[in-house]
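The values are calculated or read from the model by the stated rules, or taken from the named source; none is laboratory data. Keep in mind that this is a model prediction, so the values were computed, not measured. In this analysis, Cβ positions are derived from the backbone assuming ideal geometry, glycine residues included, and neighbour counts consider all displayed protein chains.
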Amino acid sequence: MGCSIKGYGKEGPLITDGHPTGLILNHAYGIRDVISLEEFGGEKANLIFLRNPWGKGEWTGAWSEESEEYKRNLSALKKYNETLDIDEQINFEAKPEDGSFLIDFDEWKDLFSTLFINLDFPEKWTGVRFSS
């Protein structure tokens with residue numbers, strides 16, 4: 001699965017309210033995980049874990065690696081990580097510029113305009129493409 005932000009003729013970084021977001025217009029991001037997390041304080045957070053395939057350039061808003069949300073909930077993220085198979089685990093401790101980041105689902109929904117889903121159907125099946 002993947003997603004992107006339609007630039008409507010614009011290229012480059014996405015700027016909202018005069019601030020760079022770390023996201024790039026007309027660029028595909030891979031969806032690595034969807035996380036429902038009980039935050040510190042008991043509230044529920046619905047998060048999307050994305051990766052920029054270029055390996056650089058990350059979201060700078062809420063739930064980014066330098067944000068208060070991330071720092072405050074690091075232990076809950078680690079606890080979630082322990083529930084994953086070893087080959088699916090996420091290194092929440094290290095903070096390299098690797099293009100991977102968390103974003104709140106509602107914020108993702110407001111910023112991203114396209115969702116890509118690819119299923120590998122058997123050859124005997126037929127497919128239909130829908131466009132909105």
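Only one of the numbered conditions (1) in a strand (DSSP E or B); (2) at pLDDT below 95 is violated by ASN46, and that is (2).
If I ask for residues that are without any contact (Cβ under 8 Å) to a residue 40 or more places away in the chain and either outside any loop (DSSP other than H, G, I, E, B) or more than 16 Å from ASN73 (Cβ to Cβ) (or both), which ones from the range 88-102 would you list? If you could, list the steps in order and put the result at the bottom.
Step one: list which residues in the range 88-102 are without any contact (Cβ under 8 Å) to a residue 40 or more places away in the chain, which gives 89, 91-96.
Within the range 88-102, GLN89, ALA94, PRO96 qualify.
What do you reckon, is GLY7 at pLDDT below 95 and either part of a strand (DSSP E or B) or out of contact with any Ser or Thr (no Cβ under 7 Å at 6 or more places or on another chain) (or both)? Yes.
Being among the polar types (S, T, N, Q) and not in a helix (DSSP H, G or I) is the requirement here; does SER64 meet it?
yes
Return the only residue of PHE121, PHE105, PHE116, PHE130 being aromatic (Phe, Trp, Tyr), surrounded by fewer than 16 Cβ atoms within 10 Å (Cβ to Cβ), farther than 14 Å from LEU47 by Cβ and in contact (Cβ under 8 Å) with a residue 40 or more places away in the chain. Write out each step before concluding.
Working: PHE121 fails: in contact (Cβ under 8 Å) with a residue 40 or more places away in the chain; PHE105 fails: farther than 14 Å from LEU47 by Cβ; PHE130 fails: in contact (Cβ under 8 Å) with a residue 40 or more places away in the chain.
Of the residues listed, the single one that is aromatic (Phe, Trp, Tyr), surrounded by fewer than 16 Cβ atoms within 10 Å (Cβ to Cβ), farther than 14 Å from LEU47 by Cβ and in contact (Cβ under 8 Å) with a residue 40 or more places away in the chain is PHE116.
For the residues GLY41, GLY30, GLY57, the requirement of being touching a Pro at 6+ places or on another chain (Cβ under 9 Å), of a type outside the set (Ser, Thr, Tyr) and part of a loop (DSSP other than H, G, I, E, B) singles out GLY57.
Can ASP17 be described as within 24 Å of PHE116 (Cβ to Cβ) and modelled with pLDDT under 95? Against the criterion (within 24 Å of PHE116 (Cβ to Cβ) and modelled with pLDDT under 95), ASP17 does not qualify. Within the range 70-87, being buried (at least 17 other Cβ atoms within 10 Å of the Cβ), assigned to a helix (DSSP H, G or I) and not hydroxyl-bearing (Ser, Thr, Tyr) holds for one residue alone: LEU77.
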